[in-house]
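The values are calculated or read from the model by the stated rules, or taken from the named source; none is laboratory data. Computed from a predicted structure; not experimentally measured. Quick reminder, even Gly has a Cβ in these numbers, built from the backbone with ideal geometry, and neighbours come from all protein chains shown. To get the accessible areas, we keep the full protein, side chains included, count just its heavy atoms, and leave off ligands, DNA and RNA. Shrake-Rupley method; radii C 1.70, N 1.55, O 1.52, S 1.80 Å.
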Amino acid sequence: MKRRIGILTSGGDCPGLNATIRGVAKACYEKFGNDVEIVGINDGYYGLINGLCKEMKQSDFSGILTTGGTIFGTKRTPFKKMQIIEKDNVDKVKSMKETYKKQKLDCLLTLGGNGTHKTANLLSTEGLNVIGLPKTIDNDIWGTSVTFGFHTAVDTATDVIDRLHSTANSHGRILVAEIMGNKAGWLTLYSGVAGGADMIVIPEIPYDIEKLAEACEKRASKGFSIMAVAEGAFDKAEAKMKKKERAKYRAEQGLTTATSRIAKQIEEMTGCETRVCIPGHMLRGGSPSAYDRVLATKFGVHAAELIAKEKYGYAVAMINEVVSENKLIDVAGKTKFVPADDQIVKTAKDLGVSFGD
Ligand code: F6P
(Lines give C-alpha, C1' and ligand atoms only; values in the text may rest on other atoms or scores of the structure.)
Protein backbone atom coordinates (compact mmCIF):
# COMPACT_ATOMS: atom_id res chain seq x y z
CA MET A 1 0.00 0.00 0.00
CA LYS A 2 1.45 3.34 -1.13
CA ARG A 3 1.35 6.21 1.32
CA ARG A 4 1.73 9.85 0.32
CA ILE A 5 2.38 12.11 3.25
CA GLY A 6 2.27 15.91 3.30
CA ILE A 7 4.22 17.78 5.98
CA LEU A 8 4.02 21.46 6.90
CA THR A 9 5.32 23.67 9.69
CA SER A 10 3.14 26.60 10.74
CA GLY A 11 3.30 29.54 13.16
CA GLY A 12 6.44 30.77 14.93
CA ASP A 13 9.43 28.51 14.36
CA CYS A 14 11.44 26.86 17.12
CA PRO A 15 14.42 24.54 17.51
CA GLY A 16 13.45 20.93 16.92
CA LEU A 17 11.18 21.35 13.87
CA ASN A 18 13.73 19.77 11.55
CA ALA A 19 14.53 17.03 14.08
CA THR A 20 10.83 16.16 14.18
CA ILE A 21 10.50 16.20 10.38
CA ARG A 22 13.55 13.92 10.18
CA GLY A 23 12.07 11.59 12.84
CA VAL A 24 8.83 11.23 10.88
CA ALA A 25 10.62 10.76 7.55
CA LYS A 26 13.23 8.26 8.73
CA ALA A 27 10.64 6.16 10.57
CA CYS A 28 8.34 6.21 7.51
CA TYR A 29 11.13 5.11 5.13
CA GLU A 30 12.06 2.42 7.66
CA LYS A 31 8.46 1.18 8.01
CA PHE A 32 7.14 1.57 4.48
CA GLY A 33 10.30 1.39 2.35
CA ASN A 34 9.57 2.34 -1.26
CA ASP A 35 5.89 2.56 -0.47
CA VAL A 36 6.14 6.05 0.94
CA GLU A 37 6.29 9.43 -0.73
CA ILE A 38 6.76 12.63 1.21
CA VAL A 39 5.57 16.01 0.02
CA GLY A 40 7.00 19.10 1.71
CA ILE A 41 4.59 22.00 1.90
CA ASN A 42 6.35 25.36 2.08
CA ASP A 43 5.34 28.20 4.39
CA GLY A 44 2.73 26.40 6.47
CA TYR A 45 -0.97 26.68 5.70
CA TYR A 46 -0.18 29.54 3.30
CA GLY A 47 1.63 26.97 1.17
CA LEU A 48 -1.24 24.51 1.45
CA ILE A 49 -3.64 27.24 0.33
CA ASN A 50 -1.40 28.23 -2.56
CA GLY A 51 -0.13 24.80 -3.55
CA LEU A 52 3.53 25.41 -2.65
CA CYS A 53 4.51 21.75 -2.61
CA LYS A 54 7.74 19.93 -3.31
CA GLU A 55 8.46 16.26 -3.79
CA MET A 56 11.01 15.18 -1.18
CA LYS A 57 13.79 12.63 -1.55
CA GLN A 58 15.02 10.46 1.31
CA SER A 59 18.36 12.28 1.24
CA ASP A 60 16.60 15.62 1.89
CA PHE A 61 16.06 14.49 5.47
CA SER A 62 19.74 13.85 6.21
CA GLY A 63 21.86 16.32 8.12
CA ILE A 64 18.93 18.25 9.61
CA LEU A 65 18.78 16.78 13.13
CA THR A 66 20.86 19.59 14.56
CA THR A 67 19.67 22.51 12.49
CA GLY A 68 17.45 25.32 13.74
CA GLY A 69 14.46 26.74 11.86
CA THR A 70 12.46 24.62 9.42
CA ILE A 71 13.43 23.22 6.04
CA PHE A 72 9.87 23.92 4.84
CA GLY A 73 9.68 27.54 5.96
CA THR A 74 6.77 28.81 8.03
CA LYS A 75 4.21 31.59 8.16
CA ARG A 76 1.55 32.77 10.52
CA THR A 77 -1.88 32.20 8.91
CA PRO A 78 -4.25 33.11 11.78
CA PHE A 79 -7.00 30.61 12.47
CA LYS A 80 -9.58 33.35 12.96
CA LYS A 81 -9.17 34.29 9.29
CA MET A 82 -9.21 30.74 7.91
CA GLN A 83 -12.92 30.67 7.23
CA ILE A 84 -13.14 34.30 6.12
CA ILE A 85 -12.96 35.26 2.45
CA GLU A 86 -10.71 38.32 2.31
CA LYS A 87 -9.96 40.87 -0.42
CA ASP A 88 -8.10 38.28 -2.53
CA ASN A 89 -11.37 36.33 -2.78
CA VAL A 90 -9.66 33.06 -1.85
CA ASP A 91 -11.66 30.41 -0.02
CA LYS A 92 -8.76 29.20 2.12
CA VAL A 93 -10.37 26.01 3.43
CA LYS A 94 -11.50 24.99 -0.06
CA SER A 95 -8.03 25.72 -1.46
CA MET A 96 -6.33 23.65 1.23
CA LYS A 97 -8.63 20.72 0.49
CA GLU A 98 -7.95 21.11 -3.21
CA THR A 99 -4.17 21.05 -2.72
CA TYR A 100 -4.50 17.96 -0.53
CA LYS A 101 -6.56 16.26 -3.25
CA LYS A 102 -4.39 17.44 -6.14
CA GLN A 103 -1.29 16.16 -4.38
CA LYS A 104 -3.11 12.86 -3.78
CA LEU A 105 -2.14 12.96 -0.11
CA ASP A 106 -3.16 10.15 2.21
CA CYS A 107 -2.47 12.30 5.22
CA LEU A 108 -1.16 15.66 6.36
CA LEU A 109 1.22 16.28 9.27
CA THR A 110 1.04 19.73 10.81
CA LEU A 111 3.86 20.83 13.12
CA GLY A 112 2.82 23.83 15.13
CA GLY A 113 1.35 25.48 18.19
CA ASN A 114 -2.15 26.35 19.32
CA GLY A 115 -3.27 28.14 16.15
CA THR A 116 -1.87 25.35 13.99
CA HIS A 117 -3.78 22.73 15.97
CA LYS A 118 -7.02 24.70 15.56
CA THR A 119 -6.65 24.71 11.78
CA ALA A 120 -5.53 21.05 11.84
CA ASN A 121 -8.75 20.21 13.65
CA LEU A 122 -10.77 22.24 11.17
CA LEU A 123 -9.22 20.32 8.27
CA SER A 124 -9.83 17.06 10.10
CA THR A 125 -13.53 17.89 10.53
CA GLU A 126 -13.54 18.71 6.79
CA GLY A 127 -12.53 15.11 6.11
CA LEU A 128 -8.75 15.31 5.69
CA ASN A 129 -6.48 12.81 7.48
CA VAL A 130 -4.50 15.05 9.82
CA ILE A 131 -1.95 14.46 12.58
CA GLY A 132 -0.68 17.37 14.69
CA LEU A 133 2.74 17.59 16.33
CA PRO A 134 3.24 19.92 19.31
CA LYS A 135 5.81 22.64 18.65
CA THR A 136 6.40 25.84 20.60
CA ILE A 137 8.91 27.49 22.88
CA ASP A 138 5.89 28.57 24.96
CA ASN A 139 5.02 25.01 26.08
CA ASP A 140 1.37 26.01 26.18
CA ILE A 141 -0.32 23.28 24.15
CA TRP A 142 -3.11 21.60 26.03
CA GLY A 143 -2.82 17.87 26.76
CA THR A 144 0.95 17.49 26.49
CA SER A 145 3.32 18.01 29.39
CA VAL A 146 6.00 19.25 27.01
CA THR A 147 6.36 20.62 23.48
CA PHE A 148 9.52 20.41 21.38
CA GLY A 149 11.46 23.66 21.30
CA PHE A 150 10.61 24.54 24.88
CA HIS A 151 13.65 23.09 26.60
CA THR A 152 16.10 24.57 24.10
CA ALA A 153 14.52 27.97 24.70
CA VAL A 154 14.75 27.39 28.46
CA ASP A 155 18.47 26.69 28.03
CA THR A 156 18.97 29.85 25.95
CA ALA A 157 16.92 32.05 28.30
CA THR A 158 18.78 30.61 31.28
CA ASP A 159 22.07 31.51 29.63
CA VAL A 160 20.80 35.07 29.16
CA ILE A 161 19.80 35.31 32.82
CA ASP A 162 23.13 33.77 33.92
CA ARG A 163 24.98 36.47 32.00
CA LEU A 164 22.92 39.22 33.59
CA HIS A 165 24.04 38.23 37.09
CA SER A 166 27.62 39.40 36.75
CA THR A 167 26.85 42.72 35.10
CA ALA A 168 23.99 43.40 37.54
CA ASN A 169 26.39 42.64 40.36
CA SER A 170 29.20 44.84 39.00
CA HIS A 171 26.90 47.84 38.64
CA GLY A 172 24.60 47.20 41.57
CA ARG A 173 21.61 47.30 39.23
CA ILE A 174 18.29 45.59 38.81
CA LEU A 175 18.36 43.72 35.50
CA VAL A 176 14.96 42.98 33.99
CA ALA A 177 14.94 40.21 31.37
CA GLU A 178 11.94 40.05 29.07
CA ILE A 179 11.30 36.45 28.11
CA MET A 180 8.99 35.43 25.24
CA GLY A 181 5.59 34.10 26.13
CA ASN A 182 2.54 36.16 25.41
CA LYS A 183 -0.13 34.12 27.10
CA ALA A 184 1.68 31.54 29.17
CA GLY A 185 4.65 31.98 31.50
CA TRP A 186 6.25 28.53 31.33
CA LEU A 187 9.44 29.72 29.65
CA THR A 188 9.92 32.61 32.07
CA LEU A 189 9.17 30.37 35.02
CA TYR A 190 11.58 27.58 34.08
CA SER A 191 14.41 29.86 32.96
CA GLY A 192 13.79 32.14 35.93
CA VAL A 193 14.21 29.24 38.36
CA ALA A 194 17.14 27.77 36.40
CA GLY A 195 18.85 31.15 36.20
CA GLY A 196 18.28 32.00 39.85
CA ALA A 197 16.06 35.05 39.20
CA ASP A 198 14.96 36.90 42.34
CA MET A 199 11.61 37.91 40.88
CA ILE A 200 9.53 36.07 38.27
CA VAL A 201 6.58 37.77 36.65
CA ILE A 202 4.17 35.74 34.48
CA PRO A 203 0.74 36.40 32.92
CA GLU A 204 -0.94 33.75 35.05
CA ILE A 205 0.01 35.61 38.25
CA PRO A 206 -0.77 39.33 37.78
CA TYR A 207 1.70 41.49 39.67
CA ASP A 208 1.41 44.36 42.07
CA ILE A 209 4.23 46.83 41.44
CA GLU A 210 4.42 47.66 45.19
CA LYS A 211 5.12 43.99 45.94
CA LEU A 212 7.86 43.85 43.31
CA ALA A 213 9.43 47.04 44.69
CA GLU A 214 9.29 45.55 48.20
CA ALA A 215 11.07 42.45 46.93
CA CYS A 216 13.77 44.60 45.30
CA GLU A 217 14.24 46.56 48.51
CA LYS A 218 14.52 43.32 50.47
CA ARG A 219 17.30 42.33 48.07
CA ALA A 220 18.99 45.73 48.38
CA SER A 221 21.59 44.45 50.86
CA LYS A 222 22.80 42.05 48.15
CA GLY A 223 23.37 45.02 45.86
CA PHE A 224 21.59 43.75 42.75
CA SER A 225 18.53 41.86 41.57
CA ILE A 226 17.48 39.82 38.57
CA MET A 227 13.89 39.92 37.41
CA ALA A 228 12.51 37.56 34.74
CA VAL A 229 9.37 38.99 33.16
CA ALA A 230 7.20 37.25 30.57
CA GLU A 231 6.42 39.48 27.60
CA GLY A 232 2.70 38.93 28.21
CA ALA A 233 2.77 39.82 31.92
CA PHE A 234 0.26 42.32 33.29
CA ASP A 235 -0.48 43.95 36.61
CA LYS A 236 -3.51 43.38 38.80
CA ALA A 237 -5.38 46.38 37.34
CA GLU A 238 -4.78 45.19 33.75
CA ALA A 239 -5.86 41.70 34.76
CA LYS A 240 -9.39 43.05 35.17
CA MET A 241 -9.41 44.37 31.58
CA LYS A 242 -10.37 42.44 28.47
CA LYS A 243 -7.57 41.83 25.93
CA LYS A 244 -8.66 44.65 23.58
CA GLU A 245 -9.20 47.09 26.45
CA ARG A 246 -5.72 46.28 27.76
CA ALA A 247 -4.17 46.85 24.32
CA LYS A 248 -5.97 50.21 24.04
CA TYR A 249 -4.86 51.25 27.53
CA ARG A 250 -1.27 50.35 26.72
CA ALA A 251 -1.34 52.20 23.41
CA GLU A 252 -2.68 55.30 25.15
CA GLN A 253 0.08 55.06 27.75
CA GLY A 254 2.71 54.50 25.06
CA LEU A 255 3.53 51.05 26.48
CA THR A 256 4.32 47.86 24.63
CA THR A 257 5.03 45.12 27.15
CA ALA A 258 5.08 45.20 30.95
CA THR A 259 8.87 44.98 31.11
CA SER A 260 9.89 48.57 30.38
CA ARG A 261 7.14 49.88 32.63
CA ILE A 262 8.19 47.63 35.51
CA ALA A 263 11.82 48.73 35.10
CA LYS A 264 10.89 52.42 35.07
CA GLN A 265 8.52 52.17 38.02
CA ILE A 266 10.95 50.10 40.08
CA GLU A 267 13.74 52.62 39.46
CA GLU A 268 11.49 55.47 40.59
CA MET A 269 10.20 53.59 43.61
CA THR A 270 13.47 52.10 44.88
CA GLY A 271 16.06 54.57 43.59
CA CYS A 272 18.01 51.61 42.23
CA GLU A 273 19.20 51.79 38.63
CA THR A 274 17.46 49.34 36.29
CA ARG A 275 18.23 48.02 32.82
CA VAL A 276 16.09 45.93 30.46
CA CYS A 277 17.37 43.02 28.38
CA ILE A 278 15.19 41.59 25.60
CA PRO A 279 16.65 38.44 24.02
CA GLY A 280 13.51 38.17 21.82
CA HIS A 281 13.86 35.87 18.84
CA MET A 282 17.26 34.62 20.01
CA LEU A 283 15.10 32.32 22.14
CA ARG A 284 13.66 30.77 18.99
CA GLY A 285 16.91 30.36 17.12
CA GLY A 286 19.79 27.91 16.98
CA SER A 287 20.33 24.21 17.24
CA PRO A 288 17.94 22.11 19.37
CA SER A 289 19.30 20.87 22.68
CA ALA A 290 19.96 17.16 23.18
CA TYR A 291 16.71 16.95 25.15
CA ASP A 292 14.73 18.47 22.28
CA ARG A 293 16.43 16.29 19.67
CA VAL A 294 15.36 13.19 21.59
CA LEU A 295 11.85 14.53 22.20
CA ALA A 296 11.40 15.63 18.59
CA THR A 297 12.62 12.24 17.36
CA LYS A 298 10.23 10.39 19.70
CA PHE A 299 7.33 12.57 18.57
CA GLY A 300 8.22 12.15 14.89
CA VAL A 301 8.51 8.37 15.20
CA HIS A 302 5.18 8.25 17.03
CA ALA A 303 3.54 10.19 14.20
CA ALA A 304 4.86 7.54 11.76
CA GLU A 305 3.27 4.86 13.96
CA LEU A 306 -0.05 6.70 13.80
CA ILE A 307 0.27 6.83 10.01
CA ALA A 308 0.92 3.08 9.94
CA LYS A 309 -2.24 2.53 12.00
CA GLU A 310 -4.13 5.09 9.89
CA LYS A 311 -5.05 6.77 13.17
CA TYR A 312 -5.92 10.29 12.05
CA GLY A 313 -7.47 13.31 13.75
CA TYR A 314 -4.96 13.16 16.60
CA ALA A 315 -2.25 15.37 18.09
CA VAL A 316 0.94 13.72 19.34
CA ALA A 317 1.52 14.42 23.03
CA MET A 318 3.58 13.50 26.08
CA ILE A 319 1.15 12.13 28.64
CA ASN A 320 2.44 10.93 32.01
CA GLU A 321 5.93 10.72 30.50
CA VAL A 322 4.79 8.41 27.70
CA VAL A 323 4.53 9.57 24.07
CA SER A 324 0.90 9.22 23.12
CA GLU A 325 -1.82 11.26 21.43
CA ASN A 326 -4.95 13.31 22.11
CA LYS A 327 -7.87 13.87 19.78
CA LEU A 328 -7.32 17.07 17.79
CA ILE A 329 -10.81 18.18 18.72
CA ASP A 330 -9.87 18.04 22.41
CA VAL A 331 -6.70 20.08 21.90
CA ALA A 332 -8.05 22.75 19.55
CA GLY A 333 -8.93 26.06 21.13
CA LYS A 334 -7.37 25.37 24.52
CA THR A 335 -4.22 26.77 26.13
CA LYS A 336 -2.12 25.13 28.83
CA PHE A 337 -1.51 27.87 31.36
CA VAL A 338 0.74 27.71 34.43
CA PRO A 339 -1.54 26.79 37.34
CA ALA A 340 -0.97 29.33 40.13
CA ASP A 341 -0.36 26.41 42.49
CA ASP A 342 1.99 24.52 40.15
CA GLN A 343 4.80 22.76 41.99
CA ILE A 344 7.49 24.89 40.34
CA VAL A 345 5.70 28.07 41.46
CA LYS A 346 5.68 26.73 45.00
CA THR A 347 9.32 25.69 44.70
CA ALA A 348 10.31 29.19 43.62
CA LYS A 349 8.21 30.84 46.32
CA ASP A 350 9.74 28.58 48.96
CA LEU A 351 13.16 29.86 47.85
CA GLY A 352 12.00 33.43 48.44
CA VAL A 353 11.41 34.29 44.77
CA SER A 354 8.80 37.03 44.47
CA PHE A 355 6.03 36.79 41.86
CA GLY A 356 4.81 40.24 42.86
CA ASP A 357 1.45 38.80 43.94
O1 F6P B 1 4.63 31.40 19.98
C2 F6P B 1 5.98 31.56 20.08
C3 F6P B 1 6.37 33.01 20.22
O4 F6P B 1 7.78 33.07 20.18
C5 F6P B 1 5.83 33.72 21.45
O6 F6P B 1 6.57 33.44 22.61
C7 F6P B 1 5.95 35.15 21.01
O8 F6P B 1 5.02 35.94 21.75
C9 F6P B 1 5.60 35.09 19.56
O10 F6P B 1 5.89 33.78 19.14
C11 F6P B 1 6.34 36.06 18.68
O12 F6P B 1 5.88 35.90 17.39
P13 F6P B 1 6.52 36.52 16.07
O14 F6P B 1 7.77 35.77 15.76
O15 F6P B 1 5.48 36.34 15.04
O16 F6P B 1 6.81 37.95 16.40
Fill in: Any pair with Cβ under 6 angstrom, 6 or more apart, that starts in region 215-244 at a residue that is of a type in the set (V, I, T) and ends at one that is open to solvent by less than 10 Å² (accessible area, probe 1.4 Å) and part of a loop (DSSP other than H, G, I, E, B)
I226/A197
Item to complete: Looking at (1) within 16 Å of the ligand (Cβ to nearest atom); (2) open to solvent by 40 Å² or more (accessible area, probe 1.4 Å), find the lone condition where N320 falls short.
Response: (1)
Response to the item:
Of the listed residues (L255, L295), the one being buried (at least 17 other Cβ atoms within 10 Å of the Cβ) and more than 15 Å from the ligand (Cβ to nearest atom) is L295
Worksheet, complete the sentence: Selection from region 258-292 of residues more than 16 Å from the ligand (Cβ to nearest atom) and in contact with a Phe, Trp or Tyr (Cβ under 6 Å, 6 or more places away or on another chain) yields none
Practice prompt. Give me the pairs, please: first residue somewhere in region 333-345 and over 13 Å from K183 (Cα atoms), second residue anywhere and in a loop (DSSP other than H, G, I, E, B) and open to solvent by 50 Å² or more (accessible area, probe 1.4 Å), beta-carbon distance under 9 Å, and either six or more positions apart or on two chains.
Written response: G333/W142; A340/D357; V345/P339
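Quick check: anything in region 183-191 in contact with a strand residue (DSSP E or B) (Cβ under 8 Å, 6 or more places away or on another chain), within 27 Å of T20 (Cβ to Cβ), surrounded by fewer than 19 Cβ atoms within 10 Å (Cβ to Cβ) and modelled with pLDDT of 95 or more?
Step one: filter region 183-191 for residues in contact with a strand residue (DSSP E or B) (Cβ under 8 Å, 6 or more places away or on another chain), giving 183-185, 187-189, 191.
Subsequent filtering for residues that are within 27 Å of T20 (Cβ to Cβ) retains 183-185, 187-189, 191.
When the remaining residues are screened for being surrounded by fewer than 19 Cβ atoms within 10 Å (Cβ to Cβ), the result is 183.
Those still in the list that are modelled with pLDDT of 95 or more too: 183.
For region 183-191, residues in contact with a strand residue (DSSP E or B) (Cβ under 8 Å, 6 or more places away or on another chain), within 27 Å of T20 (Cβ to Cβ), surrounded by fewer than 19 Cβ atoms within 10 Å (Cβ to Cβ) and modelled with pLDDT of 95 or more: present.
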Response to the item:
Per the list (1) open to solvent by 10 Å² or more (accessible area, probe 1.4 Å); (2) in contact with a helix residue (DSSP H, G or I) (Cβ under 9 Å, 6 or more places away or on another chain); (3) touching a residue at least 40 places away in the same chain (Cβ under 8 Å), residue check on I179 breaks on (1)
Discussion item. Out of the strands (runs of 3 or more DSSP E) lying entirely within region 136-232, which hold 1 or more residues that are more than 16 Å from the ligand (Cβ to nearest atom) and over 29 Å from G12 (Cα atoms)?
Written reply: 174-179, 225-230
Fill in: For A168: the one exception among (1) surrounded by 15 or more Cβ atoms within 10 Å (Cβ to Cβ); (2) over 25 Å from I38 (Cα atoms); (3) in contact with an Asp or Glu (Cβ under 8 Å, 6 or more places away or on another chain)
(3)
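Let's see how each residue does on (1) at pLDDT below 95; (2) buried (at least 22 other Cβ atoms within 10 Å of the Cβ); (3) farther than 18 Å from G149 by Cβ:
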{"residue": "Y29", "(1), (2), (3)": "no, no, yes"}
{"residue": "D35", "(1), (2), (3)": "no, no, yes"}
{"residue": "V39", "(1), (2), (3)": "no, no, yes"}
{"residue": "Y45", "(1), (2), (3)": "no, yes, yes"}
{"residue": "K54", "(1), (2), (3)": "no, no, yes"}
{"residue": "K57", "(1), (2), (3)": "no, no, yes"}
{"residue": "D60", "(1), (2), (3)": "no, no, yes"}
{"residue": "R76", "(1), (2), (3)": "no, no, no"}
{"residue": "V90", "(1), (2), (3)": "no, no, yes"}
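Within region 199-215, take every residue that is hydrophobic (A, V, I, L, M, F, W, C) and closer than 11 Å to T188 by Cα and give me the one that is surrounded by the fewest Cβ atoms within 10 Å (Cβ to Cβ).
Only one residue tops the list, namely M199.
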Worksheet item: Within the group L128, L111, L123, which residue is assigned to a helix (DSSP H, G or I) and either among the aromatic types (F, W, Y) or under 22 Å from V316 (Cα atoms) (or both)?
Response: L123
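Of all residues being of a type in the set (V, I, T) and either open to solvent by 30 Å² or more (accessible area, probe 1.4 Å) or more than 14 Å from the ligand (Cβ to nearest atom) (or both) in region 106-135, which is nearest to the chain's Cα centre (by Cα)? Just the residue, please. Talk me through it step by step, then tell me what you get.
First, pick out the residues of region 106-135 that are of a type in the set (V, I, T): 110, 116, 119, 125, 130-131.
Next, only the ones that are either open to solvent by 30 Å² or more (accessible area, probe 1.4 Å) or more than 14 Å from the ligand (Cβ to nearest atom) (or both) stay: 110, 119, 125, 130-131.
Numbers: T110: 14, T119: 16, T125: 24, V130: 20, I131: 18 Å.
The residue in question is T110.
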Worksheet item: Can you tell me which residues in region 1-54 are within 16 Å of the ligand (Cβ to nearest atom) and part of a loop (DSSP other than H, G, I, E, B)?
Response: S10, G11, G12, D13, C14, P15, G16, D43
Response to the item:
Among (1) modelled with pLDDT of 95 or more; (2) polar (S, T, N, Q); (3) under 23 Å from the mean Cα position of the chain (by Cα), T257 falls short only on (1)
Worksheet entry | For R250: the one exception among (1) at pLDDT below 95; (2) more than 16 Å from the ligand (Cβ to nearest atom); (3) open to solvent by less than 70 Å² (accessible area, probe 1.4 Å) | (2)
